[in-house]
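Working notes, structure below.
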Amino acid sequence: MANVTVPIVVTFVVAAAVVGLMVTVSRLLGPRQMTAVKGEAFECGNPASGSAWGRFSVHFYLVALLFLVLDVEVVLLYPWAVELRSSGIAGLVEALFFIAVLGVGLIYAWRIGALDWD
Amino acid sequence: MVAPSYYLALSALLFGIGVVGVLVRRNAIVIFMSIEVMLNAANLAFVALGAEAGSVEGQAFVFFVLTVAAAEAAVGLAILIAVFRNRETVNADELTLLRW
Amino acid sequence: MSPGVLAAVQFSWLAVLPLGIVALAAVAVLLAGARAGQDQGEALGWFSAAALAAAALPVLASLGRSRLAFDGTVAVDAYSVYFELVILFASAMTVLISLRYVAEMGLAPGEYYALVLFAALGMMLMAAADDLILIFLGLETMSLAVYALAGFARRQARSAEAALKYFLLGAFSTGFLLYGIALIYGAAGTLKLEPLRAALAAGTDHRTLLLCGVGLVLIGFAFKVAAVPFHMWTPDAYEGAPTPIAGFMAVGVKLASFAAFLRVFGLHLGALAPTWTAVVWVVAALTMTAGNLIALAQQSLKRMLAYSAIAHAGYLLVGMAAGSNEAAGAILYYLLGYAFTNLGAFAVVVALERRGVEHESIADLRGLGARAPGLSAALALLLLSLTGMPPLAGFVGKLYLFKAALDSGLVWLVVIAVLNSVVSAYYYLRVLVAVYMQEGGVAVAPLAARPALLVAVGAAVLGTVLIGVFPAPYVAAAGAALRSALSLSSPGPLALIAR
């Protein structure tokens, strides 16, 4: 028990010490001058524009929903990947069937225009 | 090696956090996030208990739960968007069209 | 592969053939319905109804060949056949009721019927599953589709709000159910119901874990069958949802939930009955009383039917508390009558919709008796059955249920149930007073112009009368279903509680 826990505790202590040191030293030594430019919201170097609470086009949500479902459902292929050799042709057919079902979902999304941006 | 009961205790704690979150928070999105915490507490319990039993079954269940949770999230967020378009709010206290 | 294994695999796929038909039909409707206009809507509806009817044939064909399929996770027994047939019927009725409604309310037909089919698929899976994780999957397949259906009229704030409330509370209850399932898995080491029952009979050293799990699963089911104090979502969800969907929720969701609830708790967790029957006793009493009392105050017919559905869940829980084989048979019979009667009542509310506007307040019904005598007579008969008036289905169902509870010694619970039935007569009859003895209200389109709706109302009325007047064959079917589930793959029925 102890020989597993000790390195973890040491890691945490060292991490806390390093972070604490960095924050305190920079606060003690660093100059602080507030300017208008520094007060701006950081937008990857572009001049900030508009409200931070601006609303996004609903297309983003649609794409996010589609991504969420199709991305996560693929997790069901992992068990098949692990048992690829032993599951044989039957496993392959079932996996292809599963992918086909996901494909039908994609075709549906495409047909109702969820993938069109305009 | 960490004892299985610790995992179970952690999952119970997570589940409790989720339940309390659902009951005290008023924003529908935060309520939904709390529900996801509850589901993940169940996932942790499945993995821990499966490992304790020396069976791979517990982890297999997690796959099903994960995918169902994703589908649930998709449906839930779609409903949230529909509500927001109608009402411009997702605060549970302001959704009072239906009241007895 | 050895011949034995091959035969088992073939049997497994045959066992889920009805589910496959419904799933394929759902996908076909979804694809064909993408971008389909209202003119193709009716055709999609008829196709869906035909697919549901076609799925009933392989269900019937599997009668008398009781076995477990897919490595013991799917049960093919008379119990699953019984529930699958009623679920298919309820789904087909929902489609028939919706045909004109979908067009007049301007709903997207392809997605609507596809979601009804997906929900039916989940319900059938719940009725047939013999494995807790599969019950969970069926429940979610059903619930996700029904959440979306509840919010289907998404441009109406009411519908969207109903969907959100239903979704949040439904997902919350799923969390309880799932965590309970995880704990049961930890205590028993399996989630397949047959081995689970054997493990419980043999005893477990993790009794606390097991009881926590059973308790959480009980809460999950209580949410799904709308038992007090987990009923808050019901009236809002029913009132805001499109009316045919409200009927589908009241009947289909309840059928599937009770099918799984009874299979898990009545048949397989019987060994633990002493720990949960007292809880179910209290919940049953609260559910009946709260449902009936709040129903008294309702002005909306839809909302009144929602509280009435809660009250009926309470009567059914009386049977769960009684816990005998007799009571379980009574639950099955009661659910059959309940399905016909409630679908009919919601169909009548759908019939009041006119030119895209729903008329669902009791005030709208005033003077209906003079304007639409046929529709009014149907409504009167269905409401009398819900009250429990002989010789209709509702009366015979209550009779069997309460008699079984008396035989199990639950005298006080039966007294509460009978008093509740008397109270319920007031709000059901109040509707009939409005229909026959008051003036005003709104005009209705003639039912003859809507043949599908006419057929649905007719079938509901016919069923309500037949099941009540000639109960024997239905009671026999319910009993056979139960015996088949009990005897499946186990040497003898050890489960339902011996008091």
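Quick one: is C:A120 touching a helix residue (DSSP H, G or I) at 6+ places or on another chain (Cβ under 6 Å), hydrophobic (A, V, I, L, M, F, W, C) and buried (at least 24 other Cβ atoms within 10 Å of the Cβ)?
yes
Considering only region C:232-252, how many residues are assigned to a loop (DSSP other than H, G, I, E, B) and closer than 18 Å to C:L144 by Cβ?
Qualifying residue count, region C:232-252: 2.
Which one of C:I184, C:I133 is out of contact with any Phe, Trp or Tyr (no Cβ under 8 Å at 6 or more places or on another chain), more than 21 Å from C:A53 (Cβ to Cβ) and hydrophobic (A, V, I, L, M, F, W, C)?
Just one listed residue meets the conditions, C:I184.
Could you please find all residues in region A:79-115 being closer than 24 Å to B:G58 by Cβ and of a type in the set (A, V, I, L, M)?
A:A81, A:V82, A:L84, A:A95
Scanning for something out of contact with any Asp or Glu (no Cβ under 7 Å at 6 or more places or on another chain), more than 23 Å from C:F340 (Cβ to Cβ) and either touching a residue at least 24 places away in the same chain (Cβ under 8 Å) or of a type in the set (D, E) (or both), does region C:387-402 turn up at least one residue?
No: zero hits.
For region C:183-231, name all the residues that are aliphatic (A, V, I, L, M), outside any loop (DSSP other than H, G, I, E, B), under 24 Å from C:F172 (Cα atoms) and within 13 Å of another protein chain (Cβ to nearest Cβ).
C:L183, C:I184, C:A187, C:L209, C:L210, C:L216, C:V217, C:I219
Going through A:L28, A:L68 one at a time, which residue ends up being within 30 Å of B:R85 (Cβ to Cβ) and assigned to a helix (DSSP H, G or I)?
Answer to the check: A:L68.
Go through region B:22-54 residue by residue and tally those that are closer than 19 Å to C:A182 by Cβ and either more than 7 Å from chain C (Cβ to nearest Cβ) or aliphatic (A, V, I, L, M) (or both).
21
Criterion first (under 14 Å from the mean Cα position of the chain (by Cα) and over 25 Å from C:F167 (Cα atoms)) does C:Y238 satisfy it?
Against the criterion (under 14 Å from the mean Cα position of the chain (by Cα) and over 25 Å from C:F167 (Cα atoms)), C:Y238 does not qualify.
Yes/no matrix, rows are residues, columns are (1) at pLDDT below 90; (2) more than 18 Å from A:L65 (Cα to Cα); (3) out of contact with any Leu (no Cβ under 8 Å at 6 or more places or on another chain); (4) of a type in the set (S, T, Y):
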| site | (1), (2), (3), (4) |
| --- | --- |
| B:V20 | no, yes, yes, no |
| B:M38 | no, yes, no, no |
| B:A48 | no, yes, no, no |
| B:G58 | yes, yes, no, no |
| B:F61 | no, yes, no, no |
| B:V75 | no, no, no, no |
| B:E88 | yes, yes, yes, no |
| B:N91 | yes, yes, yes, no |
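Residues in region C:150-180 that are more than 24 Å from B:N91 (Cβ to Cβ) and modelled with pLDDT under 95: how many?
Residues flagged as more than 24 Å from B:N91 (Cβ to Cβ) and modelled with pLDDT under 95 within region C:150-180 amount to 0.
Taking A:W80 as meeting all but one of (1) exposed (fewer than 12 other Cβ atoms within 10 Å of the Cβ); (2) modelled with pLDDT of 85 or more, write down the number of the exception.
(1)
Do you know which of the residues in region B:55-68 that are more than 9 Å from chain C (Cβ to nearest Cβ) and hydrophobic (A, V, I, L, M, F, W, C) is surrounded by the most Cβ atoms within 10 Å (Cβ to Cβ)?
The extreme case among them is B:V62.
For C:G213, indicate whether it is of a type outside the set (A, V, I, L, M), modelled with pLDDT of 90 or more and closer than 30 Å to C:F346 by Cβ.
Answer is no for this residue.
Which of the residues that make up region C:444-484 are more than 30 Å from C:D130 (Cβ to Cβ), aliphatic (A, V, I, L, M) and loosely packed, with under 14 Cβ neighbours inside 10 Å?
C:A448, C:A449, C:L462, C:V469, listed by residue number.
Filter region C:469-478 down to the residues that are more than 19 Å from the chain's Cα centre (by Cα), part of a helix (DSSP H, G or I) and in contact (Cβ under 8 Å) with a residue 12 or more places away in the chain and list them by number.
Correct list: C:V469 only.
Quick one: which residue in C:L352, C:L383, C:L379 is buried (at least 24 other Cβ atoms within 10 Å of the Cβ), in contact (Cβ under 8 Å) with a residue 24 or more places away in the chain and touching an Asp or Glu at 6+ places or on another chain (Cβ under 7 Å)?
Of C:L352, C:L383, C:L379, the one residue that is buried (at least 24 other Cβ atoms within 10 Å of the Cβ), in contact (Cβ under 8 Å) with a residue 24 or more places away in the chain and touching an Asp or Glu at 6+ places or on another chain (Cβ under 7 Å) is C:L352.
Here is a yes/no grid of residues against (1) part of a helix (DSSP H, G or I); (2) β-branched (V, I, T); (3) within 13 Å of chain B (Cβ to nearest Cβ); (4) free of Cβ contacts under 8 Å to residues at least 24 places away in the same chain:
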position: A:A41; (1), (2), (3), (4): no, no, no, yes
position: A:L77; (1), (2), (3), (4): yes, no, yes, yes
position: A:L92; (1), (2), (3), (4): yes, no, no, yes
position: A:G103; (1), (2), (3), (4): yes, no, no, yes
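If I filter region B:8-46 down to residues being in a helix (DSSP H, G or I) and in contact (Cβ under 8 Å) with a residue 40 or more places away in the chain, which single residue comes out as farthest from B:F64 (Cα to Cα)?
B:A28
Mind telling me which of the residues C:A103, C:A162, C:A92, C:A153 ends up being surrounded by 24 or more Cβ atoms within 10 Å (Cβ to Cβ) and not charged (D, E, K, R)?
Just one listed residue meets the conditions, C:A162.
Find the residue count for region B:47-58, including only residues that are out of contact with any Pro (no Cβ under 9 Å at 6 or more places or on another chain) and touching a residue at least 12 places away in the same chain (Cβ under 8 Å).
Number satisfying all stated conditions: 2.
Just to be sure before I move on: is C:G41 over 10 Å from C:L117 (Cα atoms) and in contact with an Asp or Glu (Cβ under 7 Å, 6 or more places away or on another chain) in the structure I sent?
Taking the combined requirement at face value, the residue does not satisfy it.
Do we have C:A108 as out of contact with any Ser or Thr (no Cβ under 7 Å at 6 or more places or on another chain), in contact (Cβ under 8 Å) with a residue 24 or more places away in the chain, at the interface with another protein chain (Cβ under 8 Å from one of its Cβ atoms) and within 23 Å of C:V22 (Cβ to Cβ) here?
no
Output the residue which, of all residues in region A:43-75 that are surrounded by fewer than 12 Cβ atoms within 10 Å (Cβ to Cβ) and at the interface with another protein chain (Cβ under 9 Å from one of its Cβ atoms), is farthest from the chain's Cα centre (by Cα).
If we take residues in region A:43-75 being surrounded by fewer than 12 Cβ atoms within 10 Å (Cβ to Cβ) and at the interface with another protein chain (Cβ under 9 Å from one of its Cβ atoms), then A:V58 is farthest from the chain's Cα centre (by Cα).
For B:F15, indicate whether it is out of contact with any Cys (no Cβ under 8 Å at 6 or more places or on another chain), more than 15 Å from C:L137 (Cα to Cα), within 9 Å of chain C (Cβ to nearest Cβ) and at pLDDT 95 or above.
Yes: the conditions hold for B:F15.
Of all residues in region C:143-157, which are more than 7 Å from chain B (Cβ to nearest Cβ) and either of a type outside the set (S, T, N, Q) or more than 22 Å from the chain's Cα centre (by Cα) (or both)?
If the condition is that a residue be more than 7 Å from chain B (Cβ to nearest Cβ) and either of a type outside the set (S, T, N, Q) or more than 22 Å from the chain's Cα centre (by Cα) (or both), then C:A145, C:V146, C:L149, C:A150, C:F152, C:A153, C:R155, C:Q156 are the ones that fit.
Go over the candidates C:A36, C:A56, C:A8, C:A51 one by one and state the one that is surrounded by 16 or more Cβ atoms within 10 Å (Cβ to Cβ), within 14 Å of another protein chain (Cβ to nearest Cβ) and within 30 Å of C:P244 (Cβ to Cβ).
C:A36
The values are calculated or read from the model by the stated rules, or taken from the named source; none is laboratory data. None of these values were measured; they are calculated from a predicted model. Every residue, glycine as well, gets a Cβ built from its backbone with ideal geometry; the counts of neighbours run over all protein chains shown.
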